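Report on the structure given below.
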Amino acid sequence: MEPSVRKLYLWFAVLGLLVGILVVTAFYKDQHREWKDWQQRYIKDELARAATPEQRADAARTPLEVRQVVLPDLDRVDRCTSCHVSVEDPSYAGFPLPLAYHPNHDRHPFNKFGCTICHQGQGRATTRVAAHGHVEHWDRPMLDMKYIQSACAKCHLPADMPEAPDLARGRAVFEESGCIGCHKLHGAGGVVGPELDNVGAKRDAAWLLKHFKTPAAVTPGSAMPPIKASDADLSALTLYVLSFTGEALSAYYVSMKTIPGPQAGRRLFAEKGCIGCHAIAGKGGTIGPELDEVAKRHDAQWISSHFKNPAAVTPGTVMPQFNFNEQEIRALTEFLLSLTDTNVIGFMRIPSLMTPLDRGKAVYKKYGCAGCHGADGQGGVPNPNAKTAEQVPGLKMVSEGYSKDELKKRILDGQREIPVMNAKKAPPPLYMPPWRGKIAEGELSDLMEYLVSLAPKGEKVEF
Amino acid sequence: MLNALWKTFRSTRVGRSIFRVGLPESNFERAQVAISSFFLHFQPAKVNRRALKFRTTLGLGLISLYLFLILTGTGVLLMFYYVPATDYAYQNMKDLEFVVTAGQVLRNMHRWAAHLMVLFVALHMCRAFYTAAYKPPREFNWVIGVGLFLLTLGLSFTGYLLPWDQLAYWAITVGTSIAGYAPVVGQKLKFLFLGGHVVGESALIRFYVLHVIVLPLAAVLLIGVHLWRVRKDGGLARPDEPVATREDLAVAQLPQTKSYGLMELARGTTPVVGIDPQEEVFTWPNLVFREILLFMATMTVVLVLAIFWNAPLEEIANPVHPPNPAKAPWYFLGLQELVAYSAFWGGVVVPGLLVTALIALPYLDRKRRGVGVWFSGERRVAITIFSLCLSAAIVLTVIGTVFRGPNWAFQLPWKPATPVAEEH
């Protein structure tokens, strides 16, 4: 053999060794996965706890494998239980993570819901960092437990969720702050700011919180007025806005929204005109009995069978049979049962029970007028370069300057061009959006009552 | 001991039926093994000593071939998992990373080998140019080489879409829109590629079929022809041997008893075959061993890259959120840079002229000068023109890759522009 070939043998040895080492490294890296460590830890623990030989054998047989919940309806595969092995085992309550038990999951069984639908994160991932989603190119990291209630709103209405008080509080702050006046949500609202339908998926909690406190700090040039509320309220607002994920869930999960709750019952109660015969809080018809404390007189069973067929429960009654379906009956029953322990009128919000002034006030809130014109129309929201003292005008004196018809026209048409203070500077960012086609005629009349009522009593204003 | 085992196996009926020759021990057997083995017969029994020297070709063509083989191997394995549907493709990538045994390393190997192949095919082409390897009789093999270069780009480009992440989606959107700038046929061509006006389900399935069936088969065919012609054209291009004198011929023809096999016949201007047998060495083991070593070296590089660097994977493709800037794959960024100056001139005329020029090159520059010599002084004009074009391509690609920020504005890579705040 030629010497030049003999020299090649050394190269064969070196490169062969290199390729060998690399292949072994690749396989080691592939086989060594952190979830295996946790499962081994779990098995060790199970072995230590085993009291009988059978239990010991069971524990020893536990396979080392990727565990996953496949949720085709949610388009998810959650492998969280590969590390969080014992989430369903109450004997692991209070254990350090990841082997801790997950309390309160009986109504949301893991095999139907998985984990990431509430907690977010990356369900398919099997490493801690990637699964918790704190990695580049994954925009849904795990939700801070502070905001976990926002997940409830994916399937439930905030008003139906006494278990999620922050969510209801956030919704209240959202309504009181008048966000809807400028922002559209689910197709309703103003056009001055961007739509909010999936802002909860686009932004994280820190961004939202900062944005509410000083909008211009995170969105340079933003004209949005800062939201004046307590830290707790802003936190609740953040939580509520985080729930606007725009996710399209499948029918099973969305149906939770129509699970008959007191809110749905309240709407039905108003729609069907029950108030014509029955009174609540002293208002309404007198043909049927008052309903304030009906829950004290009858149980749920009685009330629902009464809705099904009044005459069968109360022979000789004049109440007609309404042919409600099961869902409606449950909703109405829930509503009636809720009357005893709620501030009746405040909770009811049944328009026909309210005065036009109260309804007008509700309209002012519904369309988010407060967002720009201030709570109770006192104004003070800055609008740089607007002729009106660089502010959105307050509404206290509005009934002095305009007739009702002029006011209505103003609201329906809006005002895109706001008179400027200095023609050289940029035009004012805030303007009045047109509400034609969005606000109902009756609502507009009620709103007039409210606006007129804003004028201070007993004062004559001189111009 | 291995040797003894091998000999025992070879002595059986089965062993003999598989390996016709066995490990060659005589020169006759060394020739036999090259001729009778399917895998070795692309090469002659004996090759010129120059072929063994690394500096002759730098191994560039062979490395390209090896990368193609690695890509085929890893690609077939990846096909066992991949589903070309927009609902599953991205999830497949995640599954490869998190649950499939060796899934991530396979994908990494495939990705890095693909980038390397584009690079090495281009380098191989430069080598062929700078050593004047396209001169007669090798003109058409150069044209096949240009075809293989375009196929490599096509393979890489079609594979780029398959992970269905933001990077893939927008690179393909940008890349195919460049094709749309061609006059008359541009939009039709784009529609043909995408199966629609935007990148979607039908684009994904088209790219997939092109990537795993059409283009690889075409590449295998062309690679076969390419290698076959290298062998039939007398091996690697080398400087012309001095013309044999009458005396040489007389000497060469003297020993009538010695015969040279047909396999050693090189095409030439004289019938002198064995004028310098000392310049020829047996392919086995001299060339074959070196080829195997080069494969191992290629494999080493690909494995190192695949073990220590993960293939990129961004967010799932989102047709309503273009990144700013949206960039084509790196090998098209020179083109994208040109398109930024002028869609028609940069996107159609320049690349069209370049490909035409590459194909026409061996028919325009056909004087046999400087063949087999790096940067031969006799080809100053050709080398200058080619180098200028090559430098321009490199500069444009580098500008497009690292010096372009949001809205394709110039930026320094160490001072990236602050991301533009979203419109409020």
For the structure I just gave you, tell me whether B:G61 is in a helix (DSSP H, G or I) and within 30 Å of B:R379 (Cβ to Cβ). yes
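Could you check, for the range B:333-341, whether at least one of its residues is among the small types (G, A, S), more than 10 Å from chain A (Cβ to nearest Cβ), surrounded by 15 or more Cβ atoms within 10 Å (Cβ to Cβ) and in a helix (DSSP H, G or I)?
Filtering the range B:333-341 down to residues among the small types (G, A, S) leaves B:334, B:340.
Then drop every residue that is not more than 10 Å from chain A (Cβ to nearest Cβ), which leaves B:334, B:340.
When the remaining residues are screened for being surrounded by 15 or more Cβ atoms within 10 Å (Cβ to Cβ), the result is B:334, B:340.
Among the residues that remain, those that are also in a helix (DSSP H, G or I) are: B:334, B:340.
Yes, the range B:333-341 has at least one match.
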Kindly indicate whether any position in the range B:85-94 is in a helix (DSSP H, G or I), touching a strand residue (DSSP E or B) at 6+ places or on another chain (Cβ under 6 Å) and touching a residue at least 24 places away in the same chain (Cβ under 8 Å). yes
Taking the range B:303-324, which residues are surrounded by fewer than 18 Cβ atoms within 10 Å (Cβ to Cβ) and not in a helix (DSSP H, G or I)? B:W309, B:N310, B:P312, B:E315, B:N318, B:P319, B:V320, B:H321, B:P322, B:P323, B:N324
Can you find a residue in the range A:122-130 that is in contact with a Pro (Cβ under 9 Å, 6 or more places away or on another chain), within 14 Å of another protein chain (Cβ to nearest Cβ), crowded, with 21+ Cβ neighbours inside 10 Å and part of a loop (DSSP other than H, G, I, E, B)? yes
Quick check: anything in the range A:97-108 under 20 Å from A:C155 (Cβ atoms) and either touching a strand residue (DSSP E or B) at 6+ places or on another chain (Cβ under 6 Å) or in the same structural domain as A:K202 (by TED's automatic domain parsing) (or both)? no
Just a yes or no: is a residue in the range A:19-34 in contact (Cβ under 8 Å) with a residue 12 or more places away in the chain, under 30 Å from B:K94 (Cβ atoms) and either among the acidic types (D, E) or crowded, with 16+ Cβ neighbours inside 10 Å (or both)? yes
Of (1) without any contact (Cβ under 8 Å) to a residue 40 or more places away in the chain; (2) closer than 26 Å to A:P226 by Cα; (3) surrounded by 11 or more Cβ atoms within 10 Å (Cβ to Cβ), A:E417 fails just (3)
Verdict on A:H137 being without any contact (Cβ under 8 Å) to a residue 12 or more places away in the chain and closer than 30 Å to A:K36 by Cα: yes
For A:I227: the one exception among (1) assigned to a helix (DSSP H, G or I); (2) away from chain B (no Cβ under 14 Å): (1)
Of residues in the range A:294-343 being among the acidic types (D, E) and under 19 Å from A:A270 (Cβ atoms), the one surrounded by the fewest Cβ atoms within 10 Å (Cβ to Cβ): A:E328
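Inspect all residues belonging to the range A:59-69 and state whether any of them is closer than 30 Å to B:F295 by Cα, surrounded by 15 or more Cβ atoms within 10 Å (Cβ to Cβ), within 14 Å of chain B (Cβ to nearest Cβ) and touching a helix residue (DSSP H, G or I) at 6+ places or on another chain (Cβ under 8 Å).
Quick first cut of the range A:59-69, residues closer than 30 Å to B:F295 by Cα only: none.
No, there is no match, as no residue in the range A:59-69 is closer than 30 Å to B:F295 by Cα, surrounded by 15 or more Cβ atoms within 10 Å (Cβ to Cβ), within 14 Å of chain B (Cβ to nearest Cβ) and touching a helix residue (DSSP H, G or I) at 6+ places or on another chain (Cβ under 8 Å).
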Considering residues of the range A:1-58 that are more than 8 Å from every other protein chain (Cβ to nearest Cβ) and either touching a Lys or Arg at 6+ places or on another chain (Cβ under 7 Å) or of a type in the set (S, T, Y) (or both) only, the residue farthest from B:F98 (Cα to Cα): A:Y9
Which of the residues belonging to the range A:46-86 are in contact (Cβ under 8 Å) with a residue 12 or more places away in the chain, closer than 26 Å to A:T116 by Cβ and assigned to a helix (DSSP H, G or I)? A:D73, A:L74, A:C80, A:T81, A:S82
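The values are calculated or read from the model by the stated rules, or taken from the named source; none is laboratory data. Treat the numbers as computed from the prediction; the structure is a model and nothing was measured. Please note: Cβ atoms are built from the backbone with ideal geometry, for glycine as well, and neighbour counts cover all protein chains shown.
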